[in-house]
């Protein structure tokens with residue numbers, strides 16, 4: 001009897017391992033995408049809304065050539081080169097490769113990405129917008145800069161295990177076409193919750209504390225609550241939020257520092273006034289949550 | 001007293017009330033500060049009071065008043081040159097929010113302080129030249145970026 005149970009467990013373990021390692025990664029088809037809206041200008045704007053430059057550019061390095069170190073409980077991730085260099089960047093990527101990376105967190109070679117690349121947010125971006133982002137990145141000067149391998153704790157090194165993470169936390173998109181603009185900017189492109197929420201031991205966002213801030217954000221830094229609670233932005237008006245997103249000034253006349261200063265300068269400060277107002281409205285409509 | 005001057009008095013009163021509420025909350029954050037740390041926290045609060053007052057006009061919380069912008073910008077431009085003097089090496093006792101890297105990268109810190117000085121002077125000049133409101137706003141945004149640019153690297157993140 002014991003022997004039968006052990007054999008059963010062994011077979012199950014092998015089956016799970018087989019699924020993790022050998023099951024084909026998801027693919028995408030792009031036959032029905034409207035190509036007329038795919039422009040470099042649109043992509044430029046979306047890249048600003050998406051905050052790509054923040055992680056994909058090292059402080060003293062070329063924009064988008066990668067290199068930023070992201071310290072996490074799973075080790076240090078190094079953001080890759082996303083300039084169109086064919087050898088070290090994304091120069092050789094097909095449209096399907098690019099969309100699949102965002103939609104499913106899978107590389108052109110079929111490897112799973114770590115969610116340090118926030119594909120679990122970007123999955124909601126529409127095909128048209130993703131291809132506009134690709135058009136913009138393809139328009140950049142190719143920079144030859146080899147990617148630095150991640151330095152991870154031993155158990156995080158097994159990439160097929162990310163299939164389990166995706167089963168738990170990835171709600172593959174795209175978002176419905178009629179998604180509210182503020183929701184699209186905050187939840188998908190801007191991926192605000194990636195830093196403004198606590199994460200559990202598996203690196204998944206703690207959903208009932210989403211946007212409520214964390215004392216242990218990227219690099220171990222505290223990240224504030226951005227829900228309309230007294231612990232967060234409960235006493236901010238929509239105008240206060242929009243103004244903050246434009247130039248980083250809080251209602252008290254203080255100017256934000258840290259990572260958010262760069263986000264304001266490179267990302268939210270570059271958006272249209274309408275988009276900043278849409279973000280403000282969306283944040284004020286979030287459930288008020290205490291914390292961190 | 002005309003109705004416009006009485007509304008001005010009323011708004012001023014409102015401004016003073018708001019400023020004193022702000023002052024109380026700032027005092028709490030700065031409690032226990034002494035010496036040059038206290039001096040620079042008070043200094044930063046002065047800057048914040050003036051940027052906050054200009055910002056309130058661009059947010060539509062207060063009526064746009066070019067003369068008031070000129071006055072606040074004058075305070076900012078006048079205070080800017082002494083910023084680095086308030087950061088003598090090693091002056092970092094609690095509740096200081098300065099990161100030690102400030103003194104390791106002193107030249108960059110000085111360059112950022114110079115950016116603030118230039119941008120606050122530009123704001124003052126734009127306001128004194130009675131430029132269009134949009135131009136004054138743009139000059140204010142440019143100055144605000146210099147504040148954030150320095151806080152980004154040299155100030156502890158807020159909880």
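The values are calculated or read from the model by the stated rules, or taken from the named source; none is laboratory data. Owing to the predicted nature of the structure, the values given are computational and were not obtained by experimental measurement. Neighbour counts are summed over all protein chains in view; Cβ atoms, including those assigned to glycine, are modelled from backbone coordinates with ideal geometry.
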Looking at region A:225-252, which of its residues are within 7 Å of chain B (Cβ to nearest Cβ) and either crowded, with 23+ Cβ neighbours inside 10 Å or farther than 17 Å from residue B:55 by Cβ (or both)?
A:243, A:247, A:248, A:249
Within region A:207-217, does at least one residue satisfy the condition of being more than 26 Å from residue A:70 (Cα to Cα) and within 14 Å of chain B (Cβ to nearest Cβ)?
no
Selection within region B:54-82 - surrounded by 21 or more Cβ atoms within 10 Å (Cβ to Cβ) and modelled with pLDDT of 95 or more:
B:54, B:69, B:72, B:73, B:76, B:77, B:80
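Of all residues being out of contact with any helix residue (DSSP H, G or I) (no Cβ under 8 Å at 6 or more places or on another chain) and not in a helix (DSSP H, G or I) in region A:159-178, which is surrounded by the most Cβ atoms within 10 Å (Cβ to Cβ)? Just the residue, please.
Going through the qualifying residues, I end up with A:176.
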With A:265, A:259, A:207 as the choices, which residue is surrounded by fewer than 22 Cβ atoms within 10 Å (Cβ to Cβ) and touching a residue at least 60 places away in the same chain (Cβ under 8 Å)?
A:259
Could you look through region A:253-268, keep only residues that are touching a strand residue (DSSP E or B) at 6+ places or on another chain (Cβ under 9 Å) and part of a loop (DSSP other than H, G, I, E, B), and pick out the one that is nearest to the other protein chains (Cβ to nearest Cβ)?
A:257
Residues of region B:148-159 satisfying the condition of being closer than 20 Å to residue B:91 by Cβ and in a helix (DSSP H, G or I)
B:150, B:151, B:153, B:154
Scan of region A:181-204 for residues that are surrounded by fewer than 15 Cβ atoms within 10 Å (Cβ to Cβ) and farther than 24 Å from residue A:266 by Cβ, ordered by number:
A:200, A:201, A:202
With the condition kept exactly as written, say whether any residue in region A:39-51 is under 20 Å from residue A:199 (Cβ atoms), modelled with pLDDT under 95 and in contact with a helix residue (DSSP H, G or I) (Cβ under 6 Å, 6 or more places away or on another chain).
no
Options A:58, A:4, A:25, A:15; residue that is surrounded by 10 or more Cβ atoms within 10 Å (Cβ to Cβ) and over 26 Å from the mean Cα position of the chain (by Cα):
A:15
With the first residue restricted to region B:141-159 and required to be touching a residue at least 40 places away in the same chain (Cβ under 8 Å) and more than 8 Å from chain A (Cβ to nearest Cβ), and the second required to be part of a helix (DSSP H, G or I) and surrounded by fewer than 19 Cβ atoms within 10 Å (Cβ to Cβ), Cβ contacts under 8 Å at 6 or more apart or on different chains are B:143/B:122
Without any contact (Cβ under 8 Å) to a residue 24 or more places away in the chain and more than 14 Å from every other protein chain (Cβ to nearest Cβ): which single residue out of B:138, B:114 fits that description?
B:114
Scan of region B:95-121 for residues that are buried (at least 16 other Cβ atoms within 10 Å of the Cβ) and either at positive phi or part of a helix (DSSP H, G or I) (or both), ordered by number
B:102, B:103, B:109, B:112, B:113, B:115, B:116, B:117, B:119, B:120, B:121
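Would you say residue A:187 is in the same structural domain as residue A:287 (by TED's automatic domain parsing), in contact (Cβ under 8 Å) with a residue 60 or more places away in the chain and in contact with a helix residue (DSSP H, G or I) (Cβ under 7 Å, 6 or more places away or on another chain)? First the steps, then the outcome.
Numbers: in the same structural domain as residue A:287 (by TED's automatic domain parsing): yes; in contact (Cβ under 8 Å) with a residue 60 or more places away in the chain: yes; in contact with a helix residue (DSSP H, G or I) (Cβ under 7 Å, 6 or more places away or on another chain): yes.
Yes: the conditions hold for residue A:187.
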Please verify whether residue B:90 is without any contact (Cβ under 8 Å) to a residue 12 or more places away in the chain and either within 23 Å of residue B:139 (Cβ to Cβ) or not in a helix (DSSP H, G or I) (or both), treating the condition exactly as stated.
no
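Table: residues versus (1) over 21 Å from residue A:71 (Cβ atoms); (2) outside any loop (DSSP other than H, G, I, E, B).
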site	(1), (2)
A:120	no, yes
A:137	yes, yes
A:142	yes, no
A:148	no, no
A:155	no, yes
